[in-house]
Amino acid sequence: MLKPGIVVFGYHDVGYECLDALIARGSRVLAVFTHRDNPAENIWFQSVAELARRHAIPVHTPETVNTPEWIARLRALKPDIIFSFYYRNLIGQEILDIPRLGAFNLHGSLLPKYRGRVPINWAVLHGETETGATLHYMVKRPDAGDIVDQEAVPIGPRDTAQEVFIKVTAAARKVLERSLDAIKQGRAPRRPQDESRATCFGGRKPEDGRIDWRRDARAIFDLIRAVTHPYPGAFTDVGGRRLFIWWAEPHTDCAGAPGQIVAVAPLRVAAGQGCLEVAKWQWRDGPEQGAGDAHGLTLDQLLGETAPQAASV
């Protein structure tokens, strides 16, 4: 008997690992739809397209699949199953209706919490202690379909978004491998999401990394670890210059006006409550610097400004 045919929509490390899991299990992958890498984006993740090509799987990168031409081509493939693994574009209902065994998405949160874009960054930013991966049926409304399976992962108090992403990627593969046979046999479980617990967040832009020093030190620390490398970073403006803060430590045993520099070595900046000890920073277009670079420097030498201008950030 012919194995069920699968069409994969995928990108990023979750897309790579889940496609690799399908290949390792001997699945019949008919085609892969992915994205062209954006040269303006920091591409720190593995390539779904390269993995597919290594295994002679046809790769397509349309700007949108929701056109009559691509819908017709997908129908001609006659997939039994569609999977979406961190594919960034909306897949229309006409396509979701094609596979006889269903269309499924892997989302990087414990749905119904953190529906929408960049759920891992949002979870870290909000100080969550847990997130995970959810495999669910795809419906017209994003991330709202019935749940097939979930796997939770912890978020440590000092974890960066990338560190959590690595955990979620492993959880995503585990969930897929655990559910794959049931999906292929048309008997995947489905549990409706509790709409009363649903939360939804949009995409984040680099400007969203601006630090509000009126917030408490822990909240600012959560922002920093949510957007530090390889993401665009948290920043503040000093005398008309942009200063990125790639890492800092929150402290409660210091005080000052929000944004005031209260110590130089180590560099400490007051928040609404407590302060941040800045450990790694970088002027825009300058080299990244660490805490050791601050020792022995005056305030104006450290910040590259006159002392009156540099009294606060």
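Screening segment 32-59 for residues that are under 28 Å from His229 (Cβ atoms) and touching a Gly at 6+ places or on another chain (Cβ under 8 Å) and picking the one that is surrounded by the fewest Cβ atoms within 10 Å (Cβ to Cβ) gives Thr34. Looking only at segment 144-183, residues that are part of a strand (DSSP E or B), of a type in the set (Val, Ile, Thr) and free of Cβ contacts under 8 Å to residues at least 40 places away in the same chain come to 1 in all.
Among the residues making up segment 194-253, a single one is modelled with pLDDT under 95, over 17 Å from Asp285 (Cβ atoms) and β-branched (Val, Ile, Thr): Thr252. Scanning segment 46-70 for residues that are more than 21 Å from Arg28 (Cβ to Cβ) and either in contact with an Asp or Glu (Cβ under 7 Å, 6 or more places away or on another chain) or among the aliphatic types (A, V, I, L, M) (or both) yields a total of 1. Scanning segment 272-285 for residues being within 14 Å of Phe235 (Cα to Cα) and in contact (Cβ under 8 Å) with a residue 12 or more places away in the chain gives a total of 8. Checked against the criteria, Val65 does not count as in a strand (DSSP E or B), β-branched (Val, Ile, Thr) and modelled with pLDDT of 95 or more. Number of residues in segment 151-175 that are more than 21 Å from Asp20 (Cβ to Cβ) and more than 15 Å from the chain's Cα centre (by Cα): the value is 5. Does Asn121 satisfy being touching a residue at least 60 places away in the same chain (Cβ under 8 Å) and of a type in the set (S, T, N, Q)? It is true that Asn121 is touching a residue at least 60 places away in the same chain (Cβ under 8 Å) and of a type in the set (S, T, N, Q). Filtered by the rule that a residue be in a helix (DSSP H, G or I) and of a type in the set (Val, Ile, Thr), segment 23-62 gives Ile23, Val48.
Among the residues making up segment 62-101, those that are surrounded by fewer than 22 Cβ atoms within 10 Å (Cβ to Cβ), over 24 Å from Asn38 (Cβ atoms) and touching a helix residue (DSSP H, G or I) at 6+ places or on another chain (Cβ under 7 Å) are Ile71, Glu94, Ile98, Leu101.
The values are calculated or read from the model by the stated rules, or taken from the named source; none is laboratory data. Here the structure is a predicted model, which means the values were calculated and not measured. With ideal geometry, Cβ positions are generated from the backbone for all residues, glycine too; neighbour counts draw on all protein chains shown.
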